[in-house]
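Enquirer: One structure follows; several queries about it will come next.
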Amino acid sequence: MNPVPTRSGSGDLLLRVCDLHIAFGAHAVVEGVSFDLRRGEKLALVGESGSGKTVTALSLLQLLDSAKVGGSARFSDNGQNLDLLALDKDRMRQVRGERIGMIFQEPMTALNPLMTVGEQIAEVLRGKRRLSKAQAARATVELLARTQIPGPQRRASQYPYQLSGGQRQRAMIAMALACAPALLLADEPTTALDASLRGQILDLLERLRREENMAVLMITHDLNVVRRFADRVVVMEKGRVVEQGTTAELFESPRQPYTQKLLASKPVRDVLEGPDPQTAVPPLRGNHLHVHYPVPRHGLTGWFRKDRFVALHSADFTVPKGRTLGVIGESGSGKSTLALAALGLLPRDQVGGELAVEQRHWCFRTKKDRALRRVIQVVFQDPFSSLSPRMTVGEIVEEGLRVHAPELTTAHRLERVRQTLADVGLPEHRFPRLLGRYPHEFSGGQRQRIALARALIVRPHLLVLDEPTSALDVTVQKQVLTLLQHLQREHDLSYLLITHDVDVVRAMAHQVIVLKDGEVVEQGAAKRVLAHPTHPYTRLLLAAV
């Protein structure tokens, strides 16, 4: 199978992948993939989870353990023409980092938590460019400064957990560009970042690409990123290339049904409309809610006293029965702090104002709060990290019943588990041995359905949804949102929806709160706020989509 000739990009041919095959044991995950990439060009690999995007990119650096890889990947750089798939380990070690850089999907797991950001970048510089310790330290600060990270000297001495999501991503980019590679592999570099941060990272990559005349192979499921960044697109489905062409061609006139399905996978609004129900006891209400965190104080007085960082300032809100309150804002705006306060997961002395769950207040004592925890449950952002890898699906979903409904017999618990899993689209007749399987055996969308079942098993009245679809591809995101809308109508559920995705808010929310630096800058009916925002910050968020 020959690659489709490129129509854009005037640079020399940098990479030619021909008839790439990848298999794990007897299971083929990539079959016959071919594409070209020219120097200075931006190419996006697009497809759903499991389509083979990431393994295709990882195979180019021989980063797939126990995989059988066939075909060729000719890399033409510095007067050499190398087959990346056939290089020995020593030669590939030279290519990695020096000529081909890599930005991994999740910087928090890709960065070493025991080393400062500066030490990790300096390690690359000393190993690849043979710089002295002092030279590497200076070059590290210069690299961080190029990524426009605030206070590069200070950030170099900090650990990954001390940086925000956008700052960690900039540190990853600095590390990937340490040796000025000819090709940058970027695996979902903007996943889970809010719209404005996503735009900043894309602008940064574009600026650095122009300065270095570097090619970028971006792996992503975010079509907004593709439209904004890529010159050309390769669409993959179940390990095969189904379509490729310029970005403009693909978005204006996609030829293949699969590409058309991806482009049509925008969240659809299908919720109960009309005025909010006037119930005497709303599931959640906050009055002048504020949250602060203790932070170290510099100098000698820091031994005796701490300063206070106010993460949420005097927020007023209500979540009516059967309705959704959307909370949007950039990273660090206070969204997650509000969610933690609602869940009673912050120390009593850090929370002020009034917060009531069905007119009851958190006692901050495990036994006394147990009844309230049955009323309010949570679905976290990343189902893979929030589900125990050591527990089966049956054990995960049943766990809540063991705590909150100990009076049920084993047979009754089992029946409730099966019914709840069926309610979220995981019936046993479609998933053999469902209750005895482990989370890693399921796709991202299926894991999020398991997380939903775990929350719903105790029949709560309110769900806190913390970025429930940010780690999912567009088609699975649409499926999960459709499921959430169905469950809300069927069970009269209320949702506190924490998200940075305006499209998700537009599809799900009845009311919306816009947070900036811990302050509510705008709130009201979702349709009114999203269609006619009055605050400049809200307009900025909407323009960044």
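Enquirer: Looking at the stretch 365-411, which of its residues are in a helix (DSSP H, G or I), open to solvent by 70 Å² or more (accessible area, probe 1.4 Å) and closer than 21 Å to His440 by Cα?
Expert: Result: Phe384, Ser385, Glu395, Glu399.
Enquirer: Taking the stretch 297-329 as the region of interest, how many residues are crowded, with 19+ Cβ neighbours inside 10 Å and out of contact with any Pro (no Cβ under 9 Å at 6 or more places or on another chain)?
Expert: 10
Enquirer: Sticking with this one: Could you count how many residues in the stretch 156-167 are over 22 Å from Arg138 (Cβ atoms) and open to solvent by less than 40 Å² (accessible area, probe 1.4 Å)?
Expert: 2
Enquirer: Among the residues of the stretch 128-155, what is the count of those that are surrounded by fewer than 15 Cβ atoms within 10 Å (Cβ to Cβ) and part of a helix (DSSP H, G or I)?
Expert: Residues meeting the conditions: 7.
Enquirer: Looking only at the stretch 414-433, filter to residues that are touching a helix residue (DSSP H, G or I) at 6+ places or on another chain (Cβ under 6 Å) and crowded, with 19+ Cβ neighbours inside 10 Å; which one of those is farthest from Val476 (Cα to Cα)?
Expert: The extreme case among them is Val417.
Enquirer: A follow-up question, please. Would you check if there is a residue in the stretch 169-180 being over 19 Å from Glu41 (Cβ atoms), in a loop (DSSP other than H, G, I, E, B), touching a helix residue (DSSP H, G or I) at 6+ places or on another chain (Cβ under 9 Å) and touching a residue at least 40 places away in the same chain (Cβ under 8 Å)?
Expert: Looking through the stretch 169-180, at least one residue is over 19 Å from Glu41 (Cβ atoms), in a loop (DSSP other than H, G, I, E, B), touching a helix residue (DSSP H, G or I) at 6+ places or on another chain (Cβ under 9 Å) and touching a residue at least 40 places away in the same chain (Cβ under 8 Å).
Enquirer: Name the pairs: first residue in the stretch 311-332 and assigned to a strand (DSSP E or B), second residue surrounded by fewer than 24 Cβ atoms within 10 Å (Cβ to Cβ) and of a type in the set (Asp, Glu), Cβ to Cβ under 7 Å, at least 6 apart or on different chains?
Expert: Matching pairs, first to second residue: His313/Glu519.
Enquirer: Further, regarding this structure: Taking the stretch 216-273 as the region of interest, how many residues are of a type outside the set (A, V, I, L, M) and in a loop (DSSP other than H, G, I, E, B)?
Expert: So the count comes out to 15.
Enquirer: Something else: If Val30 satisfies all but one of (1) modelled with pLDDT of 90 or more; (2) more than 30 Å from the chain's Cα centre (by Cα), what's the number of the condition it fails?
Expert: In the conditions (1) modelled with pLDDT of 90 or more; (2) more than 30 Å from the chain's Cα centre (by Cα), Val30 misses (2) alone.
Enquirer: Within the stretch 438-462, work out how many residues are more than 29 Å from Arg370 (Cα to Cα) and either acidic (Asp, Glu) or open to solvent by less than 40 Å² (accessible area, probe 1.4 Å) (or both).
Expert: 4
Enquirer: Looking at Pro181, Pro189, which one is surrounded by 18 or more Cβ atoms within 10 Å (Cβ to Cβ) and within 23 Å of Ser331 (Cα to Cα)?
Expert: Only one candidate qualifies: Pro189.
Enquirer: Checking Asp270 against (1) touching a strand residue (DSSP E or B) at 6+ places or on another chain (Cβ under 6 Å); (2) in contact (Cβ under 8 Å) with a residue 60 or more places away in the chain; (3) of a type outside the set (A, V, I, L, M, F, W, C): exactly one of these is not met. Which one?
Expert: (1)
Enquirer: Let me ask another. Could you tell me which of the residues Glu48, Glu41 is touching a helix residue (DSSP H, G or I) at 6+ places or on another chain (Cβ under 8 Å), surrounded by 15 or more Cβ atoms within 10 Å (Cβ to Cβ) and under 30 Å from Leu263 (Cβ atoms)?
Expert: Among Glu48, Glu41, only Glu48 is touching a helix residue (DSSP H, G or I) at 6+ places or on another chain (Cβ under 8 Å), surrounded by 15 or more Cβ atoms within 10 Å (Cβ to Cβ) and under 30 Å from Leu263 (Cβ atoms).
Enquirer: If you don't mind, another one. Do you know which residues across the stretch 486-517 are on the phi > 0 side of the Ramachandran plot and more than 22 Å from the chain's Cα centre (by Cα)?
Expert: Result: Asp492, single match.
Enquirer: Another question about this same structure. Within the stretch 518-537, restricting attention to residues that are open to solvent by 20 Å² or more (accessible area, probe 1.4 Å), of a type outside the set (D, E, K, R) and out of contact with any helix residue (DSSP H, G or I) (no Cβ under 6 Å at 6 or more places or on another chain), which residue is nearest to Leu289 (Cα to Cα)?
Expert: Val520
Enquirer: Would you pick out the residues in the stretch 4-27 that are part of a loop (DSSP other than H, G, I, E, B) and either crowded, with 18+ Cβ neighbours inside 10 Å or at pLDDT 95 or above (or both)?
Expert: Thr6, Gly9
Enquirer: Looking at (1) over 26 Å from His500 (Cβ atoms); (2) in a helix (DSSP H, G or I), can you tell me which one Leu202 breaks?
Expert: Looking at each condition in turn, Leu202 falls short on (1).
Enquirer: Which of the residues belonging to the stretch 274-296 are in a strand (DSSP E or B) and either surrounded by 12 or more Cβ atoms within 10 Å (Cβ to Cβ) or modelled with pLDDT of 90 or more (or both)?
Expert: Selection gives Leu284, Arg285, Gly286, Asn287, His288, Leu289, His290, Val291, His292, Tyr293, Pro294.
Enquirer: While we're looking at this one, here's another question. For residues that are part of a loop (DSSP other than H, G, I, E, B) and open to solvent by 40 Å² or more (accessible area, probe 1.4 Å), scanning just the stretch 343-364, find the one that is farthest from Pro283 (Cα to Cα).
Expert: Among them, the one singled out is Pro347.
Enquirer: List every residue pair whose Cβ atoms lie under 7 Å apart, where the two residues are 6 or more positions apart in sequence or sit on different chains, the first residue falls within the stretch 383-406 and is aromatic (Phe, Trp, Tyr), and the second residue, located anywhere, is open to solvent by less than 70 Å² (accessible area, probe 1.4 Å).
Expert: Filtered contacts from the stretch 383-406: Phe384/Pro439; Phe384/Arg447.
Enquirer: Can you tell me which condition Val242 does not meet? The list is (1) modelled with pLDDT under 90; (2) open to solvent by 40 Å² or more (accessible area, probe 1.4 Å), and all the others hold.
Expert: Among (1) modelled with pLDDT under 90; (2) open to solvent by 40 Å² or more (accessible area, probe 1.4 Å), Val242 violates only (1).
Enquirer: Take the stretch 503-517 and flag every residue that is closer than 30 Å to Val46 by Cα and open to solvent by less than 10 Å² (accessible area, probe 1.4 Å).
Expert: Hits for the stretch 503-517 are Val504, Val505, Ala507, Met508, Ala509.
The values are calculated or read from the model by the stated rules, or taken from the named source; none is laboratory data. Note that the structure is predicted; figures quoted are calculated from it, not measured. In this analysis, Cβ positions are derived from the backbone assuming ideal geometry, glycine residues included, and neighbour counts consider all displayed protein chains. Keep in mind that these areas ignore ligands, DNA and RNA; they rest on the heavy atoms of the full protein, side chains included. Shrake-Rupley method; radii C 1.70, N 1.55, O 1.52, S 1.80 Å.
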